[in-house]
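I have placed the structure first, in the form of structure tokens, so that the comments after it can refer back to it.
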Amino acid sequence: MAFVKFLAPAKINLFLKVLSQKNNGYHNLQSIFQMVGLYDEIFIAPRADGKIIIENDNSSILKEDDLCFKAAQLILDGTTLGVTIKVKKNIPVGAGLGGGSSDAATTLLAINQIYDLKINKKKLMGIGLKLGADVPFFINGKNGWVEGIGDKISPILIDNFRYILIIPDVSISTSSIFRDFKLTNKVIPLKITTSFSNEEHDNIGNDLIDTIFKKHNRLHELFLWLKEFGAPKITGTGSTLFIKSNDLNLAELIDKKRPKDTKIISVKGLSVHPHFLTD
């Protein structure tokens, strides 16, 4: 059978607040997740033999640990259906861009479509949560005000901006940052909103930033360098830094001056996941 191509977009955290730690070790967060136009490509073909075959260009990942493989196992559990999955990675690993979670979400959405399983979005998000806290956000398919461990999602309207991503040659484990993060003061939660406010939300940073910089001084150096060009932020647990700017000339200037251990990508913010776009 022929492969069908699906897109898995990256996301950035426009801010990230850590409110508390749960008894199970997870943290309660507040954040705004913005999808952006940088995509992994997921190719899926149905199989008649019921097998799930994963072809990943990262040979260091065991099949059993691959989130796309796990997603296919979950959604096809109890059926005789199979798939072959090929993943072309364009979103860097360990960059705070949600690539693995997005790949898993797109795999669930794609298999649901290819086999016409008719699993509704709410149930699909429940399956996604078993794979990771960020997976339901991508299945929901809209930018979100996110709370809890990432599983409580409310839609938020964000104006169409461009973002300059500064991606260093550094891969960061999410768990390593949260393990070293220490809550010092009682944090007052932000009031949930349905639209992004440039005046208010642009001034909120990432509570994990000091922990990230302490463990990865190179990111601190890049952060200070980027202040020449604008107001840099860091997404998730790193390692990607970004500047919000619609100025394409600024993106070119940063690219010309960038250190050799970085990659610069100018991306558009998305309002809808590509899976839910209609021609």
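Residues in the chain average 50 Å² of solvent-accessible surface per residue, probe 1.4 Å, ligands and nucleic acids excluded.
Which value results for Rg/Rh of segment 140-191 when Rg is the Cα radius of gyration and Rh the Kirkwood radius based on the inverse mean 1/r?
When Rh is taken as the Kirkwood radius, the ratio is 1.03.
Kirkwood radius, the chain, all distinct C-alpha pairs, inverse of mean reciprocal distance: 19.4 Å.
Computed packing ranks the peptides 257-266, 200-209 as 200-209, 257-266, most packed first, by mean other Cβ atoms within 10 Å. Expressed as a whole percent, the accessible surface of the chain that belongs to carbon and sulfur atoms is 51, based on a 1.4 Å probe. Segment residue 173..residue 268, full-extension length gain: 31.6 nm, with 0.36 nm per residue of separation and the alpha-carbon distance subtracted. Relative contact order for segment 1-107 using alpha-carbon pairs under 8 Å, separation at least 6, rounded to a whole percent? Once normalised by length, the contact order is 34 percent. Most tightly packed first, judged by the mean number of other beta-carbon atoms within 10 Å of their residues, the peptides 181-189, 71-79 read 71-79, 181-189.
On the beta carbon distance between residue 64 and residue 41, with R0 = 25 Å, the FRET formula returns roughly 0.65. Once divided by 2.2 N^0.38 Å, the Cα radius of gyration of segment 143-238 becomes 1.18. Measuring between alpha carbons in the structure, the pairs from 121/263; 152/263; 122/186; 121/268; 88/130 lying more than 28 angstrom apart are 121/263; 152/263; 122/186. Using 0.36 nm per residue and subtracting the Cα-Cα separation, the extra length available between residue 157 and residue 200 on full extension is 14.0 nm. Among beta bridges from DSSP that stay inside the chain, the antiparallel ones total about 85%. Working from Cα pairs under 8 Å separated by at least six residues, relative contact order for segment 1-278 is 25 percent.
Pairs 11/86; 89/233; 5/214; 86/227: which are spaced more than 30 Å apart, C-alpha to C-alpha? Mind dumping the intermediate values first?
Details: 11/86 21 Å; 89/233 24 Å; 5/214 40 Å; 86/227 39 Å.
Result: 5/214; 86/227 exceed 30 Å.
Stretching residue 218 away from residue 24 to a fully extended chain increases their span by 66.7 nm, per 0.36 nm per residue minus the current alpha-carbon distance. Within the same chain, aspartates and glutamates fewer than 8 places from residue 215 are excluded, and of the rest, those with a Cα less than 17 Å from its Cα are 169, 180, 207.
The C-alpha atoms of the chain define a longest principal axis, and helix 217-226 lies at about 70 degrees to it. Secondary-structure-derived ellipticity at 222 nm for the chain, considering helices only, amounts to -8000 deg cm²/dmol, per-run term -39500 (n - 2.57) for DSSP H runs with n ≥ 4.
For segment 93-170, what relative contact order do you get, as a whole percent, if you take Cα pairs closer than 8 Å and at least 6 residues apart? Walk me through the numbers before you get to the answer.
Details: 76 pairs, mean separation 19.4, N = 78.
Relative contact order of segment 93-170: 25 percent.
The values are calculated or read from the model by the stated rules, or taken from the named source; none is laboratory data. On a predicted model such as this, the values are computed, not experimentally measured, just so you know. In this analysis, Cβ positions are derived from the backbone assuming ideal geometry, glycine residues included, and neighbour counts consider all displayed protein chains. Each accessible area value is taken on the protein alone, full model and side chains, heavy atoms only, with ligands, DNA and RNA left out. Shrake-Rupley method; radii C 1.70, N 1.55, O 1.52, S 1.80 Å.
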